[in-house]
1. Suppose we filter the range 105-139 for residues that are within 22 Å of the chain's Cα centre (by Cα), farther than 21 Å from Ile62 by Cα and β-branched (Val, Ile, Thr); how many remain?
2. Which of the residues that make up the range 50-72 are of a type outside the set (D, E, K, R), assigned to a helix (DSSP H, G or I) and out of contact with any strand residue (DSSP E or B) (no Cβ under 8 Å at 6 or more places or on another chain)?
3. Looking only at the range 86-98, filter to residues that are part of a helix (DSSP H, G or I) and touching a strand residue (DSSP E or B) at 6+ places or on another chain (Cβ under 8 Å); which one of those is nearest to Gly112 (Cα to Cα)?
4. Identify the residue in the range 65-102 that is among the hydrophobic types (A, V, I, L, M, F, W, C) and touching a residue at least 60 places away in the same chain (Cβ under 8 Å) and, among all such residues, is surrounded by the most Cβ atoms within 10 Å (Cβ to Cβ).
Amino acid sequence: MNALTFSVLSKGQEQELRKFMKNLSPGKTLRLDGHSLELTPELVEILRQLLEPLARGEPVHILPLEAELSTQQAAEILGVSRPHLIRLLEEGKIPHRKVGTHRRVQAKDVLGYLEASKKQGRELLDQLITESQALGLDG
């Protein structure tokens with residue numbers, strides 16, 4: 001897997017990062033060693049998604065969507081056990097391929113499943129809230 005991992009920063013670095021992020025906005029120019037880059041809304045959003053967890057003291061992992069993951073790596077991303085992930089693969093809920101006796105899963109498929117699961121969870125929660133309000137159980 002070609003992934004980059006950024007470890008937790010020191011408290012001083014976190015504070016500097018928060019200051020930097022306050023000034024991050026579209027139209028501004030980022031300069032480094034004589035090179036400059038105008039920040040578009042898309043670049044600002046990408047930088048925020050990368051930097052906000054670091055500023056909170058959380059590690060960040062970056063990997064290409066096309067990266068192939070082992071079942072252990074995929075299970076860690078989903079926050080499930082490896083046997084549970086294997087069940088999901090065997091049920092066809094996440095596409096995979098076999099390399100010899102090993103299964104390989106693309107990062108984009110794991111992330112797609114994760115997003116779909118979160119969406120389904122939100123929909124179920126909304127449905128439960130609506131039903132409880134209809135039954136007068138909301139307070």
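The values are calculated or read from the model by the stated rules, or taken from the named source; none is laboratory data. Computed from a prediction, not measured in an experiment: that's the story for all the values here. Cβ: placed from backbone, ideal geometry, glycine included. Neighbour counts: every protein chain shown.
1. 0
2. Leu51, Ala55, Gln72
3. So the residue we want is Leu89.
4. Here the answer is Leu69.
A quick yes/no check of all residues on (1) touching a helix residue (DSSP H, G or I) at 6+ places or on another chain (Cβ under 8 Å); (2) under 29 Å from Glu14 (Cα atoms); (3) modelled with pLDDT of 95 or more:
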site	(1), (2), (3)
Pro59	yes, yes, no
Pro64	yes, yes, no
Gln72	yes, no, no
Glu76	no, yes, no
Gly79	no, yes, no
His84	yes, no, yes
Lys93	yes, no, yes
His96	yes, no, yes
Val99	no, no, no
